[in-house]
Amino acid sequence: LRWAADHRAEALEIGRRASRWAHAHRNVWDLGPATLDGIERHARTSRPLRRRFAVWAPPAPGGLRYYAEDLVRSLSLTRLYEAPPAAWRSRVLHVQHAPGLLADAELTAQLTAARDAGTRVIVTEHAVGAAATAWEQCADVLVALDEPAAARLRERWPGKRVEVLPRGCP
């Protein structure tokens, strides 16, 4: 402190440089989320600490990828996955599905693992087939892009929540 008292101008300049560095490289508002990231990364539980959402859209030609990217862009705390992680660590998993993208057994296994971890599962079916699939039973909510497709899902699964979200609906 004696040095600072004797060299006021130099001490003031050092303080200003330190303040500029701290503002550029440290943000108190980043501390909480960074701490939660570390805890979630190293915790032994698969249960997330934050309300995060996951959208799984396997690589696909055409509009399915753009649809998923628009969906994620309009929702905060949402991450887009092309491939499933080792464990689903989110509150909600929203799968974008079209026939032929994934084997039914793989999709069923992923949805079962997500539900076992306490994750709610929504599946948007971009093309609803004529026959029921095992993974449809694993979903908490089934989403169709038009009313005729939703009617087929309601007929197959009378006790399941089925919603219609038309293509292009924000």
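The values are calculated or read from the model by the stated rules, or taken from the named source; none is laboratory data. Predicted model only: the values in this text are computed from it and were never measured. Cβ placement follows ideal geometry from the backbone for every residue including glycine, while neighbour counts extend to all protein chains displayed. Just so you know, the surface numbers come from the protein's heavy atoms only, side chains and all, with ligands and any DNA or RNA stripped out. Shrake-Rupley method; radii C 1.70, N 1.55, O 1.52, S 1.80 Å.
So, in region 89-138, how many residues would count as being of a type in the set (A, V, I, L, M), more than 27 Å from Asp37 (Cα to Cα) and open to solvent by 30 Å² or more (accessible area, probe 1.4 Å)? Final tally of qualifying residues: 8. For Ala11, the criteria (1) open to solvent by 50 Å² or more (accessible area, probe 1.4 Å); (2) over 18 Å from Leu165 (Cα atoms) hold in every case but one, which is (1). So in region 14-31, with the set limited to residues that are small (Gly, Ala, Ser) and surrounded by 10 or more Cβ atoms within 10 Å (Cβ to Cβ), which one is modelled with the lowest pLDDT? In this case the residue turns out to be Ala22. Scan region 54-83 for residues that are touching a residue at least 12 places away in the same chain (Cβ under 8 Å), open to solvent by 40 Å² or more (accessible area, probe 1.4 Å) and part of a loop (DSSP other than H, G, I, E, B) and the total you get is 6.
Considering (1) farther than 30 Å from Ala144 by Cβ; (2) at pLDDT 85 or above, the lone condition that Arg41 does not fulfil carries the number (2). Of the residues contained in region 37-53, one or more are found to be basic (Lys, Arg), part of a helix (DSSP H, G or I) and exposed (fewer than 12 other Cβ atoms within 10 Å of the Cβ). In summary, Leu142 fulfils each of the numbered conditions (1) buried (at least 17 other Cβ atoms within 10 Å of the Cβ); (2) among the aliphatic types (A, V, I, L, M); (3) not in a strand (DSSP E or B) with the single exception of condition (3).
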